[in-house]
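As structure tokens, the structure follows; a few thoughts come after it.
Where a number appears in this text, it was derived from the coordinates with a stated rule and is not lab data. Note that this is a predicted model, so its numbers are computed, not measured. In this analysis, Cβ positions are derived from the backbone assuming ideal geometry, glycine residues included, and neighbour counts consider all displayed protein chains.
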Amino acid sequence: MSHNAAHHAGADAGLAELDPHLEMQFDDPEQQKETSSFGMWVFLVTEVMFFGGLFMAYLVYRSQYPQAFAIGSSQLNFKLGTANTVVLIFSSLTMALAVRAAQLGQKKALVWLLIATMILGAAFLGFKGIEYHEHILDGHVPGANFRYDTPGVSFAVAREVVLFNILYFCMTGLHAFHMIVGLGLMLWLVIKAQKGAFTPAYNTPVEMIGLYWHFVDLVWIYLYPLLYLIDRYHK
Amino acid sequence: MSSQHILPRRTYFLVFLALEILTVVTAVVASIDLGAANTVVALLIAVTKSSLVVLFFMHVKYSSKMTKLTVILGVFWLMILLGMTMTDYVSRMWSAVR
């Protein structure tokens, strides 16, 4: 594809005929794609800082109340948390393969891989829901029904455990919210993909939403050890 | 499309395998008493896993310098948040006997 002729003849006129997705402010599709990618990455950096605030609170309170945090962690469902980690990593694989399918113009594979990612994401949320249900029944939800009676520790320490639980619900809750948004975005992708909107020449939305989904996986990769694995050897 | 780096499926499967193996490792190591090292090991594994996701699943290894810089800056700003805030807390009651 010769850019020189297009630039000399009036930049967007020639290229727009060749690529209907090329917006007028861009010189070529590569620049447009790089801009989209940069924009998504800048957004993800803001998301890092967004979750970063909660990780900061976690860092402060865990360093100040290590015993209480270990107790809080031991009350979490280790099996479900680990299963969720496995499931989410699997969904990152299917998402990465979906982007690849879009790059290769494999429409059917793209649609099925996106659906697979959604199913795995829904499974994650399902397990999370089961966990939250357990927490409610066990009196681990901060608030009026929080049970401070932890056997084997002083009441003073038992009171500190609620800090762990507050952070647990805020961090996993915010993460789950991001996953729900991700599922919505993926539904949109499935519908568009099924209509043939994505080709080897244009698949930017698939890749960008893929970046978002991998970011959600990244957050969980850190949440899992920090929440579920504090002094696990005691149990 | 010159900007498309289409990785072979094998690469994705190998990275996936590594990620799941590291997940099992982190879960198993957590049940072994290493004292303070437990947290260090868990975080090291987490950093390894996230590096694999960023480099391969998110294609950063094959991305422009601008993208790589953006990722590094994000980590840098997070470290400022975590590190500089902690300087406040660790310097409190500096001379108090614990």
Based on the Cα atoms of the stretch B:13-98, what semi-axes does the equivalent ellipsoid have, where each is the square root of 5 times one gyration tensor eigenvalue, given in whole Å with the largest first?
31, 24, 5
What does the charge count around residue A:81 come to, taking other residues whose C-beta lies under 12 Å from its C-beta (Lys +1, Arg +1, Asp -1, Glu -1)?
+1
Please compute the modelled spin-label separation between residue A:19 and residue A:197, points set 7 Å along Cα→Cβ, answer in nm with one decimal.
1.9 nm
If I stretch the segment between residue A:30 and residue A:86 completely, what's the gain in nm (0.36 nm per residue apart, minus their alpha carbon distance), one decimal?
16.7 nm
Just report the Cα centroid separation between the stretch B:9-26 and the stretch A:169-235, whole Å.
17 Å
According to a simple spin-label model (label point 7 Å from Cα along Cα-to-Cβ), what is the distance in nm between residue B:93 and residue A:78?
3.2 nm
Least to most buried among A:227, B:55, A:97 (fewest other Cβ within 10 Å first):
B:55, A:227, A:97
Find how many whole Å separate the alpha carbon centroid of the stretch B:35-85 from the alpha carbon centroid of the stretch A:19-40.
27 Å
Label points 7 Å out from Cα along the Cβ direction at residue A:122 and residue A:177: separation in nm?
2.4 nm
Two-site FRET efficiency, residue B:10 against residue A:46, from Cβ-Cβ distance with R₀ of 25 Å, rounded to 0.05:
0.15
